[in-house]
Amino acid sequence: MEREKYRLAMRIKNLKIKNIGPFEEGFVEFIDENDSLEQPPITIITGENGTGKTIILDAIRGLLLGAYGDLDRNIVRKISDFEIKSELSIPFGKNKLFQYTTQEEIFANKSIKNSFETSNIIFNTQLFNPKPEHSTWIVNYWTSRLASDNFEIKSLVAPKPENYLKNAFSGIQPNVEVTQLICFFDYLRSSNSPKEQEVGEYLYQILKKIIKLSLNNGEFKYVERQTLTPIIFQSGSEISLDKLSSGNLYLIQRLVSLLGQMYSVHVLNKTEINELCNVPGLLLIDEAENHLHPKWQKTFLNSILEIFPNLQIIVTTHSPFIVSSVKNARVYVCKSMNDYSVVENQTDVYSNMPIEEILLTPVFNTNSFNTELSDLIIARKKAVHANEKTKANEIEKKLLALNPEYFSYFEVEKLLSQISK
């Protein structure tokens, strides 16, 4: 009888905060009753500086880590009256592939320095000292900070799968660990064990995909085994990782870190190799646009899901390119109300909105066009919201006449609409 495959997944459904950071109260719903737990929507949190975007991610990390956490700062606004609460799908025990437990609640209302006591210390312990039998999902946290340590290693170091969640919420992936993972995966390809060869070849191909998605006209070439140095081919030259730009390194470091976590889950659960990248998990990304050219900002969230399709992603950003980069994203906006902030669900406003309209919204307030084009874009938006189709079509014709290359997507939308009828 074929061995049953197990894969348990944690999902965070919502977050309620009270007197945390600049928020007197706030509620963010990441997954509602109409969403799929297997493929939850990406949640994008935007807003001006100082309105509390990163605080929301800190609240999630503080809640999930509990007393084992150590945030960079104290995020409690009013120590005598605060709360962080979430409804989660928390898996324990053995269930079949992608089964989720019933909804569970975890909350914190006692602060200890930069950490919290919570109502579910068992879950907090899992992130600090995971038990192999429960290690079926991952968590990871990306900040804009880059590691400053050296890429150089002196010897091969095999990953310790049982430690794969330790420091997962620290926000930085050490350079040396990236080199260790790449060299170890390359080493597996030359094993005398056919099974290890298969795993090594699979991981090597994923590494090539990661690096191709992270570079402009570059690829993963090989590992120089005498010096244990991964070699990249870019712009006609062979270079080592330390010679790459900060933007390229940002993506490679973090995607390789995810791959390392998923490899550990594969080892602990003895899953099929072709299931390795399907490990579910939670990925928090702060200031996603940092280090990235707008070209990469438009694509990198989709690139992550292209390789690791079962992640729940929650991202903060100042970038309109990221806000517009994902179809059907859930969009929240943090706003300052002078002495406190609010967080509002504005998915209906921002989700699937073209970049030029996002640039004109109050959050970004950036005019990328001349006055005539800007006025027409605003008028079209009002006509669409008022369901004045004839007026909207007339405005679209004017925009096309003024800038046919940029506004050609109007014609594409009409063609798709006709095809779908």
| Span-like helix ranges in the chain, DSSP H, alpha carbon extent 27 angstrom or more, Kyte mean at least 0.5 | 246-269
| message | Computed from the coordinates I sent, percent of Cα pairs over 36 Å apart equals one of [x] 50; [y] 43; [z] 32. Tell me the label. | response | [z]
| message | Can you give me the distance in nm between label points at SER193 and GLU344, each placed 7 Å from the Cα along the Cα-to-Cβ direction? | response | 5.7 nm
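Within a 10 angstrom radius of the beta carbon, how do SER257, SER190, SER336 rank from fewest other beta carbons to most?
Details: SER257 21, SER190 10, SER336 15.
Listing SER257, SER190, SER336 from fewest to most nearby Cβ atoms yields SER190, SER336, SER257.
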| message | Spelling out what I want: for every residue of segment 156-171, take phi, set θ = phi - 60°, compute 6.51 cos²θ - 1.76 cosθ + 1.60 (Karplus), and round to whole Hz; glycine and proline get x. | response | 5, 10, 6, x, 9, x, 5, 9, 5, 9, 5, 6, 5, 9, 6, x
| For the peptides 221-228, 281-288, 165-172, what is the packing order when you average, over each peptide's residues, the other Cβ atoms within 10 Å and list the highest mean first? | 281-288, 165-172, 221-228
| Can you put VAL28, VAL176, VAL267, VAL256 in order, fewest other beta carbons within 10 Å first? | VAL176, VAL267, VAL28, VAL256
| Using alpha-carbon pairs under 8 Å, 6+ residues apart, how would you state the relative contact order of the chain in percent? | 18 percent
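Coordinate-derived values only; no laboratory data. What you see is a predicted model, and the numbers here were worked out from it, not measured in a lab. For neighbour counting, all protein chains shown are included, and Cβ atoms are generated from backbone atoms with ideal geometry for every residue, glycine included.
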